[in-house]
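To start, the structure under review is shown below, and the notes come after it.
The values are calculated or read from the model by the stated rules, or taken from the named source; none is laboratory data. Just so you know, these numbers come straight off a predicted model, no measurement behind them. Don't worry about glycine lacking a Cβ; one is built from the backbone with ideal geometry, like all the others, and counts go over all protein chains shown. The area values use the complete protein model at the heavy-atom level, side chains included, leaving out ligands, DNA and RNA. Shrake-Rupley method; radii C 1.70, N 1.55, O 1.52, S 1.80 Å.
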Amino acid sequence: MVNSETEANEKILEQKFLELNKIYLKNGVPLEALEKAINKSNKHSTGFIISIILLLFAVIYEFDIINFVSYLLVYGKGVRCIVPNNYFVWEATRQISDCSFCLNVTEPIILNNATKEEFQPYAYSSKPILIKNAFIHWPAMKIFNFEFFRDLYSNNEEAYKSVDDECQFLHFKSDFTSLRDVFNMDENRILNKPGYKSWYVGWGNCHPDILERMRHYYPKPHFLPEDCEMPSKEYVFMGYGAGATMHLDFINRLMWQAQIQGTKTWNIRPAPECEEVCSKLSFIVEPGDAILLDTRVWYHGTTITPGEFSLSIQSEYG
Ligand SMILES: O=C(O)CCC(=O)C(=O)O
Ligand SMILES: [Fe+2]
């Protein structure tokens, strides 16, 4: 049982930690580490976690490990991934936000199946935008499912290799280590039958043949500016339950996403340094909807409506 004196002490420590947070954010403390430190259900005490974070920070700062490791892991690899593999280093070196992107934003801008002209005033905005029914006409809405993507990759070693080498595989909370594992899954688990572990994954498709075969079923989103840049890579996110864990993306442009199957809740929040002046947001996307978000500045995570399978296509524009 926790007595009231311990609780009071914990409150004081929590307060002190939040003050320290502001000072140390300049040099970077990852969001998840901050959250764990104030989470009372964590088996370690708050003071212990603060000490570990500060010690870690001191070692990294003192020996200039940030520059060295980020050079080796980020730029050395030559690939800009949606979520960097060395998330801690990147989080610790990211620019501190001036919060202008989230001031007075309490809900997404909602448009209904916007045309290019209607979307134009919002293009390139950092505000979250939801376009209802934007993609209901896409053939992909009827064609894309788990089996479509399994067939797309089947017996294509080069395509699997491209995910590992040039693209990225994101397992979130699932126990998979590669896209191959996902497509070798037991049929009952694919269907999320009771007694089977829930799963949610995402991966980049950058193999030219795979991309061409995917794009056969959807065009460039019709509302995007004619001259906007698009990468030769499109992500698929699919699965159940917990969805994507809270993160920032390490990408060059703004993000668009098409919700193809299932209903998904987006939970987005400003960076910790903006939490006092900006709000956290939560909103639902349904099949056929488009969401546009600056995932470089908005922390974002998703949860899938229980009992539903979610599938989305995601890419960048700018
Ligand atoms: O769709 C999801 O579950 C997450 C997508 C995501 O992280 C992104 O689009 O950047
Ligand atoms: Fe993301």
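Some observations on this one:
- Distances between placed amide hydrogens fall under 5 Å for GLU316 paired with TRP256, all partners being 5 or more residues away or on another chain.
- When nucleic acids and ligands are ignored and a 1.4 Å probe is applied, MET185 ends up with an accessible area of around 20 Å².
- Distance from the alpha carbon centroid of region 87-141 to that of region 190-207 works out to 26 angstrom.
- Dipole of region 109-317, positive end: most advanced residue of CYS228, LEU211, GLY239 [Cβ charges, Cα centre]: GLY239
- Computed from the C-beta positions of ALA123 and ARG180, the FRET efficiency with R₀ = 45 Å rounds to 0.75.
- Full extension of the chain segment joining PHE309 with CYS228 gains 26.0 nm, where the gain is 0.36 nm per residue of separation less the Cα-Cα distance.
- Excluding ligands, DNA and RNA, the accessible surface per residue across region 143-237 is 50 Å² with a 1.4 Å probe.
- Fully extending the segment from LYS280 to ILE96, taken as 0.36 nm per residue of separation minus the present Cα-Cα distance, adds 64.5 nm.
- Sorting 105-114, 216-225 by their mean Cβ neighbour count within 10 Å, with the most densely packed peptide first, gives 216-225, 105-114.
- Computed E for LYS193/ASP151 - FRET, C-beta separation, R0 25 angstrom, nearest 0.05: 0.70
- Under 5 Å from the amide H of GLY243 lie the amide H atoms of ILE304, each residue being 5 or more positions distant or on a separate chain, with H modelled from the backbone and absent for Pro and chain starts.
- Region 109-317, accessible surface, carbon-and-sulfur percent (1.4 angstrom probe): 49 percent
- Multiplying the residue separation of GLU158 and LYS132 by 0.36 nm and subtracting their alpha-carbon distance yields 5.7 nm.
- Charge dipole (region 147-282, unit charges on Cβ, about Cα centre) - positive-most of ASN155, CYS167, THR265: THR265
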